[in-house]
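Presented below is the structure to which this report refers.
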Amino acid sequence: MSHHTGAPVSGRKKTMVFILLGVILIVFGTFYAVDWMNYLYGLENLYTSYAKGFVSLLCAVIAWMIGTNYVDKKDALLLKLAFLCIVPTDILMGIVAVNSKASAATILTAFIIGAFLSITAHVLLIIRHGRGFGWVRPSKSGRSVASALALPLLFIVMGAATFLLLAEGLSKVGLFYPGLAYVIIIVISLWVAWEAVRNRLYPKINAYIIAIAITCWFLTEIFGSIYNIQIGTPSLICFNIVWIFYTPTAVLLALSGYRWKEADGWE
């Protein structure tokens with residue numbers, strides 16, 4: 001852990017964070033309801049598009065409010081930079097996804113730009129969560145090579161199986177290579193996030209918040225990909241499911257930047 005740690009969040013700022021979480025929960029409930037009304041009654045209410053972008057922005061505000069309540073300065077900076085990629089992606093994807101007048105070329109361009117920004121966000125988060133990557137060396141972690149490789153291999157198998165199931169559909173909509181690039185980066189991100197837990201790279205609560213956040217992001221991309229390949233009813237249902245996982249992703253990432261307790265909490 002860095003010696004340049006911040007003070008635990010408390011008082012008015014902690015209250016403000018929880019107020020913002022309350023607003024996010026309310027907005028999430030409203031757009032989730034509208035998504036299903038759109039699906040069940042064939043409506044085209046655009047509220048959900050803007051509400052989702054607003055939730056993403058509120059999560060960024062929570063992250064940008066960290067101030068001196070950080071785990072350390074570098075960690076807070078990388079998180080804030082990641083949100084500079086995440087927010088425009090969510091706004092762009094949200095607006096294009098519900099715009100029935102958008103051409104196929106416009107939608108494809110938007111998804112490619114979104115994928116690029118998402119990959120940039122993941123790279124920043126991988127650097128953040130890796131904490132110098134000293135744990136990669138078995139001599140430093142104290143693990144056998146087999147033990148060290150078990151976790152990344154698990155996520156590689158999960159990612160490969162998911163991609164193979166969706167590969168044909170992604171090819172049909174021109175997203176095979178962007179999809180391949182994205183699955184590689186998100187598998188690495190998922191692995192590094194759980195290494196933060198295994199190697200105690202953060203205070204205990206932060207490490208688990210990070211790991212759960214990136215796991216939710218992985219699930220988000222599975223459902224998002226099923227929506228993207230446009231296979232009828234399953235895709236439409238997956239559109240409504242995406243933000244069940246993505247809202248916790250954005251919220252937990254924002255909260256992961258705060259120092260919640262004085263001690264690390266690892267026994």
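The values are calculated or read from the model by the stated rules, or taken from the named source; none is laboratory data. Model, not experiment: these values are computed from the prediction. Note that we place each Cβ from the backbone using ideal geometry, even for glycine, and neighbour counts take in every protein chain shown.
Of note:
- Qualifying residue in the range 201-215 (condition: touching a Leu at 6+ places or on another chain (Cβ under 8 Å) and more than 16 Å from Ala250 (Cα to Cα)): no
- Filter pass, Ile222 being under 24 Å from Ala161 (Cα atoms), buried (at least 20 other Cβ atoms within 10 Å of the Cβ), touching a residue at least 24 places away in the same chain (Cβ under 8 Å) and more than 12 Å from the chain's Cα centre (by Cα): yes
- Qualifying residue in the range 244-258 (condition: at pLDDT below 95, more than 12 Å from the chain's Cα centre (by Cα) and not small (Gly, Ala, Ser)): no
- Those helices (runs of 4 or more DSSP H) lying entirely in the range 1-118 with at least 1 residues among the basic types (Lys, Arg) and more than 18 Å from the chain's Cα centre (by Cα): 11-41, 73-97
- Sole exception among (1) more than 20 Å from Ser235 (Cβ to Cβ); (2) of a type in the set (Val, Ile, Thr); (3) in contact with a Phe, Trp or Tyr (Cβ under 9 Å, 6 or more places away or on another chain) for Val34, by number: (1)
This table checks each residue for (1) surrounded by fewer than 20 Cβ atoms within 10 Å (Cβ to Cβ); (2) touching a strand residue (DSSP E or B) at 6+ places or on another chain (Cβ under 8 Å); (3) touching a residue at least 40 places away in the same chain (Cβ under 8 Å); (4) closer than 25 Å to Trp191 by Cβ.
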{"position": "Ser103", "(1), (2), (3), (4)": "yes, no, no, no"}
{"position": "Phe111", "(1), (2), (3), (4)": "no, no, yes, yes"}
{"position": "Val123", "(1), (2), (3), (4)": "yes, no, yes, yes"}
{"position": "Trp135", "(1), (2), (3), (4)": "no, no, yes, yes"}
{"position": "Ala148", "(1), (2), (3), (4)": "yes, no, no, yes"}
{"position": "Val157", "(1), (2), (3), (4)": "yes, no, no, yes"}
